[in-house]
Amino acid sequence: MSEQRMRVILGHLGHNKRASVLPQAISSALSVVSKDSTTAFQYTRDNPRLNHAQRAFYEENGFLVIPKLVQGDKIDAWRERFLDLVEGRSDTGGMTKMKDISLKGVKEVSGERVVNKIQDFVWDDILSEHCQLPQVLDYVECFTGPNIMAMHTMLINKPPDPGTRTSRHPMHQDLHYFPFRKREKAVFDDCFKKSHNNNLKSRPLRRAYLAFVRRPANHIVCAWTAMENVNTENGCLFVLPGSHKGVLEPHEYPEWEKGVNKMYHGVRGYDAVPKTLLPMEKGDTVFFHPILLHGSGDNRTQRFRKAISCHYAASECAYIDVRGTSQENIAKEVEDIAKRRGVEDLDFKASYEFRKIINYPTC
């Protein structure tokens, strides 16, 4: 079934053959949970691409690193494309360029040093190759199921920090940025509100509701590929293993002395909590759950640190109205940015409909 699905996808994309990539060992020092075959998996789908140890590790920790998943020549081409876009040699079209706040207004600085992120590159023929790589999609299907949508794309550039520590990213959960849930949740919400006036007073119903709310996040995954070796010096990712079993926390801007970059929201109360660092080599790809608490450190080197990522969701997910929720602040920011770019009446939900590129059906 998977091979047939991939042949159809590759036919649509114009590829003649697929890369030969096999599952590899987990590149983490964390211990793997019990291999008891009776374990009930809820964060991964039944798929032979992941072996039992890999599934158990993701179930327990909320992330999984696959070494050398992406070829170096692809990454080099994406790096050159990024440079063309940020240095003005190519038109960015509908892509969004985010800039480091510490360099605002500074002149005679290269685009690579100022631009810390390009978002929404789904229409770019070169960068969008990442979210369509067969070997990446093979793993994505293990978390979303066979019907896959690519929902959010980013190339993250972490320039050498100018001494402000603005190159770091606060601890956050990616679901904060996504206004979608499984379709049937809307029906559940409506019935819940009508019968209990949304007060969550019934303890059994409250447990059922929370389980229902969490479940859609289990059909969303990020594929984050290191474009060069990343380590503690240049700002590798850090994660809080097991935090994907929690709930979406309120996010806001951290109160950092030298400021914080636009849309770098974070959760509070986790500064003193021990975290796991994820050093990775060029081409390594980490897949992680959207509730997993994670962030990245500042780049203390004189070289740039880049990564390219895509968030995928099961195509059964639907868009929701986030008004009155903890996501209302990010929704307002997205809508305000759209207005400044001359796009009126584009709400948070519509902005994600606009980004969607892939809807691969089951064959």
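The values are calculated or read from the model by the stated rules, or taken from the named source; none is laboratory data. Values in this document were obtained by computation on a predicted structure and should not be read as measured data. Reconstructed Cβ throughout: ideal geometry from the backbone, glycine too, with neighbour counts over all protein chains shown. Side chains included, ligands, DNA and RNA excluded: accessible areas come from the protein's heavy atoms. Shrake-Rupley method; radii C 1.70, N 1.55, O 1.52, S 1.80 Å.
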Among (1) open to solvent by 30 Å² or more (accessible area, probe 1.4 Å); (2) at pLDDT 75 or above, the one test that residue 295 misses: (1)
Return yes when residue 90 is more than 19 Å from the chain's Cα centre (by Cα), in a helix (DSSP H, G or I) and more than 22 Å from residue 224 (Cα to Cα) and no when it is not. no
Pull up segment 254-292, narrow it to residues that are among the hydroxyl-bearing types (Ser, Thr, Tyr) and modelled with pLDDT under 95, then point me to the one that is farthest from residue 239 (Cα to Cα). 264
Residues located in segment 298-320, provided they are outside any loop (DSSP other than H, G, I, E, B) and either modelled with pLDDT under 95 or not aliphatic (A, V, I, L, M) (or both): 305, 306, 309, 310, 311, 312, 313, 314, 317, 318, 319
Given the criteria among the small types (Gly, Ala, Ser) and either on the phi > 0 side of the Ramachandran plot or surrounded by 16 or more Cβ atoms within 10 Å (Cβ to Cβ) (or both), does residue 102 qualify? yes
Only one of (1) open to solvent by 10 Å² or more (accessible area, probe 1.4 Å); (2) touching a helix residue (DSSP H, G or I) at 6+ places or on another chain (Cβ under 8 Å) is not met by residue 119, so which one is it? (2)
Within segment 96-125, which residues are without any contact (Cβ under 8 Å) to a residue 40 or more places away in the chain and part of a loop (DSSP other than H, G, I, E, B)? 104, 105, 106, 107, 108, 109, 110, 121, 125
Flag if residue 69 is closer than 18 Å to residue 131 by Cβ and hydrophobic (A, V, I, L, M, F, W, C): yes
Test result for residue 217, open to solvent by less than 20 Å² (accessible area, probe 1.4 Å), at pLDDT 85 or above and within 19 Å of the chain's Cα centre (by Cα): no
Determine whether segment 137-146 contains at least one residue that is modelled with pLDDT of 80 or more, in contact with a strand residue (DSSP E or B) (Cβ under 7 Å, 6 or more places away or on another chain) and outside any helix (DSSP H, G or I). yes
Segment 290-315, residues that are among the hydrophobic types (A, V, I, L, M, F, W, C) and either farther than 18 Å from residue 116 by Cα or touching a helix residue (DSSP H, G or I) at 6+ places or on another chain (Cβ under 7 Å) (or both): 291, 292, 293, 304, 308, 310, 313, 314
With the requirement that a residue be open to solvent by 50 Å² or more (accessible area, probe 1.4 Å) and without any contact (Cβ under 8 Å) to a residue 12 or more places away in the chain, what does segment 52-89 give you? 73, 76, 80, 89
